[in-house]
1. Helices (runs of 4 or more DSSP H) wholly in chain A with at least 2 residues that are of a type in the set (Gly, Ala, Ser) - which ones?
2. Taking the stretch B:57-70 as the search range and keeping residues that are open to solvent by 60 Å² or more (accessible area, probe 1.4 Å) and closer than 21 Å to B:Tyr128 by Cβ, which one is modelled with the highest pLDDT?
3. Output the qualifying pairs, or none if there are none: Cβ atoms under 6 angstrom, residues six or more apart or on different chains, first residue in the stretch A:22-49 and at the interface with chain B (Cβ under 7 Å from one of its Cβ atoms) and farther than 17 Å from A:Lys12 by Cα, second residue assigned to a loop (DSSP other than H, G, I, E, B) and among the hydrophobic types (A, V, I, L, M, F, W, C).
4. Taking B:Asn129 as the residue in question, decide whether it is open to solvent by less than 50 Å² (accessible area, probe 1.4 Å) and modelled with pLDDT under 90.
5. I need the full set of residues from the stretch B:71-105 which are open to solvent by less than 60 Å² (accessible area, probe 1.4 Å) and within 14 Å of chain A (Cβ to nearest Cβ), in order please.
6. For the stretch A:8-21, name all the residues that are open to solvent by less than 70 Å² (accessible area, probe 1.4 Å) and facing chain B (nearest Cβ under 10 Å).
7. From the residues in the stretch B:37-46 that are open to solvent by 60 Å² or more (accessible area, probe 1.4 Å) and at pLDDT 80 or above, which one is farthest from B:Ile94 (Cα to Cα)?
8. Here are the criteria: (1) within 14 Å of chain A (Cβ to nearest Cβ); (2) modelled with pLDDT under 85. Tell me which single one B:His49 does not satisfy.
Amino acid sequence: MKNTLKIQRAIKNSTQADLAEAIGVSRQTINSMELAKYIPSTALALKIARYFGKPVEEIFELEPGD
Amino acid sequence: MKNRFLFPHSYRRIGWLLFVPFLVFGLAVLNHDFQFDFLEISFGKSPSHGTFESIFSVNTINLSDEIATLGMILSLLFIAFSKEKIEDERVAQIRLDSLHFAVYLNYAVLAIQVIFVHGTAFLDVMVYNMFSVLLLFIIRYRVVFNLENKA
């Protein structure tokens, strides 16, 4: 699964720590997601989408093979 | 995220503080037949010393090994299953993966020991096996957790 977390953060001008605190996870979890090493649960993906005020599909995208 | 069955974060430190002395105590009991005299309890009337009955008497038992075992189990559980400072679903995932890994590896090692260790030596294998799942879990979990936290 691909995601645009890093870009979304840049647009909103927020750090990994800001996002982490807003959605109640550790900063390492944000980092893992940005490196596509960790795929968040639906609940977490929705929280991220709400934080950026965008639909989930704009942030997370399926890759071929998913 | 709600995580059931976990101890508070501070229990990890308590776990380590208990683990070190209980490990030393446990190894001393296991390898050197070490016993604390005050942990000896007796029930019933023990047969007088030197008689035939006294050799097979079970009227007195020393609780050293029991205390050492329970102390090890409790301290390892505290270390293994205390919460992180920030609990989230990724930590839960690492924990689950590590548990899975530890159970597999533990049984793989046990299977090898079943094949190669025989007689009374196998009793030692079983004693170590009481703690090895938790030990393997702790090692795998800490290694993965710390590696990812460096990133």
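1. Where helices (runs of 4 or more DSSP H) fall fully within chain A and carry at least 2 residues being of a type in the set (Gly, Ala, Ser), they are A:16-23, A:42-52.
2. If we take residues in the stretch B:57-70 being open to solvent by 60 Å² or more (accessible area, probe 1.4 Å) and closer than 21 Å to B:Tyr128 by Cβ, then B:Leu70 is modelled with the highest pLDDT.
3. Taking only residues 6 or more apart or on different chains, the pairs are A:Ser26/B:Ile86.
4. On the way: open to solvent by less than 50 Å² (accessible area, probe 1.4 Å): yes; modelled with pLDDT under 90: no.
Here the answer is no, as B:Asn129 does not meet what is asked.
5. Passing the criteria: B:Glu84, B:Glu87, B:Asp88, B:Glu89, B:Arg90, B:Val91, B:Ala92, B:Ile94, B:Arg95.
6. A:Ala20
7. Filtering first and then ranking leaves B:Ser42.
8. (1)
The values are calculated or read from the model by the stated rules, or taken from the named source; none is laboratory data. No experiment lies behind these values; they were computed from the predicted model shown. Note that we place each Cβ from the backbone using ideal geometry, even for glycine, and neighbour counts take in every protein chain shown. Ligands, DNA and RNA are excluded from the accessible area calculation, which covers all protein heavy atoms including side chains. Shrake-Rupley method; radii C 1.70, N 1.55, O 1.52, S 1.80 Å.
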